[in-house]
Amino acid sequence: MNSTTERNAPFASGDCHGRTDIAVASAAMCSASASSDSASNWRLEEIIREWSPRLSDRTATRLAKTYLAVEFAAFYIGIPLVIFFDVFPWLNPFVLMWTTAFGVAAWLWWGAADFDRGEFTRFRPFIERNALLRLFVPFSLLAISLTIVVLLTTPESLFRFPKEKPLVWALVMIAYPLLSVLPQTVVFRAFLLYRYRTLFGNGNLLWICGAMAFGFVHIIFRNPIAIGLTAIGGLLFTATYLRTRSIWFSAFEHALYGCWIFTVGWGMYLFYDGNTASESAASSGDAHYGMVVDAEEDSDERSLHTSIIPGS
């Protein structure tokens, strides 16, 4: 089984009747993962063997997985915590995200020998009925649910952003998918699911860890709603990516949910003001339209600074 087939095993559609069979898919995932490990075709293991030729295959595999576990923890847990605790006040998450996305995209394209570059250019899911149904049916249900919650809890926030700030809202609808969603898709789906498949396998564990990493990074917003919403979103977006192997289709789904959240009245929890997380705004009621409003007392005047950089 080649590497592309292995990577497509998770969430594969399935049996002879054309339905999705979780049991069959899970068995295929485990088989693919075991095949990948036994073939020892992963570059990091080869590097370890070059350094220490006397190491057995099992030891080299263990060392490679240990290195990957440390790298994963540093990258997807350590960095969010550094931002959360404001260890480096000069560190801008938006710049860091884009720098990282460019770096890992370049590595995937030129440095990862068995990475399917078609994932960067695959648009076919946009014209596949099944792929579109599996995207829009859950979206419709969740969008209605999110709207109802806003209507019942904070009705004054419902669609307030587009009604009161239509030009800013339109700017967010255009900028958010390009400036926020695309780099996140590269870092949390294309890179993570490829790089750490040997660590987590090609099955449900990889799916869940990818989704939880995406949710955890939103700890920088300092509110549990952001983490909860994005963890759920991570499960959906990661599953879509594993099924379609299309960066663009997964990014489209991510943007669809994000734009609706900002539109309907949840945006206050998922905006970053470029300096501190939205904790103070969300807790003090100074968050409106889905924009973070940072209020500062300056002598007798109160100056308001708004940001329109969404971060979900």
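Just so it is clear, none of the values below were taken in a lab; they were calculated from the coordinates. Please read all numbers here as calculations on a predicted model, not as lab measurements.
Working out 0.36 nm times the residue gap between Thr59 and Leu91, then minus their Cα-Cα distance, what length gain in nm do you get to one decimal? Mind dumping the intermediate values first?
On the way: separation 32, 0.36 × 32 = 11.52 nm, distance 3.78 nm.
Here the answer is 7.7 nm.
Each residue of segment 65-70 in turn: what ³J(HN,Hα) in whole Hz from Karplus with 6.51, -1.76, 1.60 and θ = phi - 60°, glycine and Pro shown as x?
Per-residue couplings from phi come out as 5, 5, 4, 5, 5, 5 Hz.
Rounded if a/c is under 1.5, else prolate if a/b is larger than b/c, else oblate: which is segment 185-260, with a ≥ b ≥ c the root eigenvalues of its Cα gyration tensor?
Verdict is oblate for segment 185-260.
Once the piece of chain linking Arg129 and Leu152 is laid out straight, how much longer is it, given 0.36 nm per residue of separation minus the C-alpha distance between them?
4.8 nm
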